[in-house]
Amino acid sequence: MIEPDDFDLGWEATLASVSHASPSPLHGAFWQQWHRTLDEHEPEMLPIGADDDPSDPTATHTFAGSAGVPIGCRIKDAADAPKAIVILLHGYDIPPTLAESIDRFHAAPGVTVVAMRMRGYAGSRARVGDLKANELGWITSGLAEPVEHGASPTEWVLSHAVADLLLGIRAARAKRGTGLPVYIKGESFGAGLAVIAAARSAAMSCKHPEQLIDRIAVGLPTFGDWRWRLKRVQPQSQGAGGEVKRFLMAPGCDSAGMMSLLDLFDTALHAEHVDCPALFKVAVKDDVVPAPTQSAIYNAIGTPPGLKGRFVTKFGHFDGGLTDLRRHAMFERMAAEFLDPDKEPMDVLARWESVMTNGSRLPEDAT
């Protein structure tokens with residue numbers, strides 16, 4: 001068994017990693033304009049019709065995302081009056097069906113669950129097609145146009161995906177209750193989206209409280225510390241990092257312009273603006289989403305101490321055996337508890353504190 005690259009860092013140095021990224025000179029102007037593009041949107045969660053995207057037949061609803069692209073969802077309502085909404089995001093590879101995503105999540109009583117598919121994935125292919133079929137991967141779709149002077153939003157699919165998530169939050173609240181808290185659960189790709197969206201929702205909270213994110217539980221977050229990552233990943237590497245590396249090496253690519261665009265969507269830079277309760281899972285060894293970049297995102301998070309927690313696994317995107325798989329399963333149990341509206345995040349973090357770094361047994365009083 002060949003273990004993932006540790007990038008010549010021990011576990012202590014990996015967990016202590018900080019971002020090497022610096023904000024682009026375009027950062028402020030770009031995000032102000034980006035926010036303005038969402039101002040007039042009032043998306044509505046509508047039941048799936050006969051003419052809607054058939055690529056995931058388990059979808060039950062759709063809403064108009066960024067640029068009007070239909071985004072597919074599946075809603076599972078709470079048995080009684082809802083107390084919170086949990087939005088489930090997915091990983092980068094081919095995800096399970098929307099129905100399977102909901103079945104795998106153990107929602108607390110009183111939670112309405114909304115599983116969402118990002119544009120270009122099954123359930124959200126109308127008007128954009130299968131973006132996973134792109135030769136260089138989903139992540140490079142629309143990456144051909146650098147942002148100029150921050151004057152206009154990019155057509156990069158990641159920019160649209162963050163907007164889709166925020167618009168989905170607006171639509172879910174409008175459908176099930178404007179005063180309900182919204183929590184986000186995501187792994188890897190979905191985790192990176194959740195962090196950027198949480199930062200943007202905090203920045204826009206005064207003008208758009210309807211898209212506020214109240215808690216996040218994320219595992220192995222990606223899109224962080226792009227410049228450090230791309231110096232170390234190989235063109236044949238798996239995942240979004242390898243795809244971006246191959247894209248930047250293509251003849252005629254404006255690699256400097258592309259790096260400026262990547263900087264605008266660096267999760268580690270956005271993390272400092274996240275202020276909601278946050279639970280993270282990070283790995284000590286991972287070379288699909290390099291483990292040091294995962295910890296750099298967590299270490300940059302702006303959430304106050306006592307409301308954020310770091311759950312550690314030995315491996316990330318790698319089957320490291322039963323002991324490590326047990327750690328991942330434990331995180332899923334903790335995440336479900338962390339996203340229970342009847343429980344305070346601080347209390348959940350305190351209850352699980354003894355097993356956050358190691359151990360294979362649940363805390364005695366864990367639910």
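Normalised Debye scattering of segment 11-321 at q = 0.11, 0.14, 0.16 Å⁻¹ gives log10 I(q)/I(0) of -0.63, -1.07, -1.44, counting only Cα atoms as equal scatterers and leaving out solvent. When the P(r) of segment 162-279 is calculated, the portion above 18 Å amounts to 54% of the C-alpha pairs.
The length gained by stretching the chain between Asp347 and Arg227 to full extension, at 0.36 nm per residue less their Cα-Cα distance, is 39.5 nm. By the rule of a C-alpha distance below 14 Å, with chain neighbours fewer than 8 residues away ignored, the aspartates and glutamates paired with Lys281 are Glu187, Asp324, Glu332, Glu353.
For Cα pairs less than 8 Å apart in space and 6+ apart in sequence, what is the mean separation divided by the residue count of the chain, i.e. the relative contact order in percent?
The value is 19 percent.
Using +1 on the beta carbon of Lys and Arg, -1 on that of Asp and Glu, and nothing else charged, what's the dipole of segment 11-321 about the Cα centre, debye to 20? Once rounded to the nearest 20, the dipole reads 680 debye. Length gained on full extension, Glu100 to Leu362: 91.8 nm, using 0.36 nm per residue less the C-alpha separation.
Could you tell me what a quarter of the Cα convex hull surface of segment 28-114 works out to, in nm² with one decimal place? Could you put the intermediate results ahead of the total?
On the way: hull surface 31.0 nm².
Projected area, direction-averaged: 7.8 nm².
Each peptide in 48-60, 234-246, 282-294, 257-269 was scored by the mean count of other Cβ atoms within 10 Å over its residues; highest first, the order is 282-294, 257-269, 234-246, 48-60. Each helix, a run of at least 4 DSSP H residues, gives -39500 (n - 2.57); summed and divided by the residues of the chain, these come to -10000 deg cm²/dmol at 222 nm. Within the straight-line cut-off of under 12 Å between alpha carbons, the aspartates and glutamates reachable from Lys175 are Glu42, Glu44, Asp77, Glu210, sequence neighbours fewer than 8 places apart in one chain being disregarded. Cross-link pairs exceeding 27 Å in C-alpha to C-alpha distance, out of Lys132/Lys343; Lys83/Lys314; Lys76/Lys343; Lys83/Lys207; Lys207/Lys245; Lys185/Lys343, comprise Lys132/Lys343; Lys83/Lys314; Lys207/Lys245.
How much FRET efficiency would the formula 1/(1 + (r/R0)^6) give for Asp130 and Ala329, where r is the Cβ-Cβ distance and R0 is 22 Å, rounded to 0.05?
It comes to 0.10.
Bear in mind that the values in this text are calculations on the coordinates, not laboratory data. Bear in mind that the values here come from a model prediction, so they are computed numbers and not experimental data. Glycine gets a Cβ as well: all are built from the backbone with ideal geometry, and neighbour counts include every protein chain shown.
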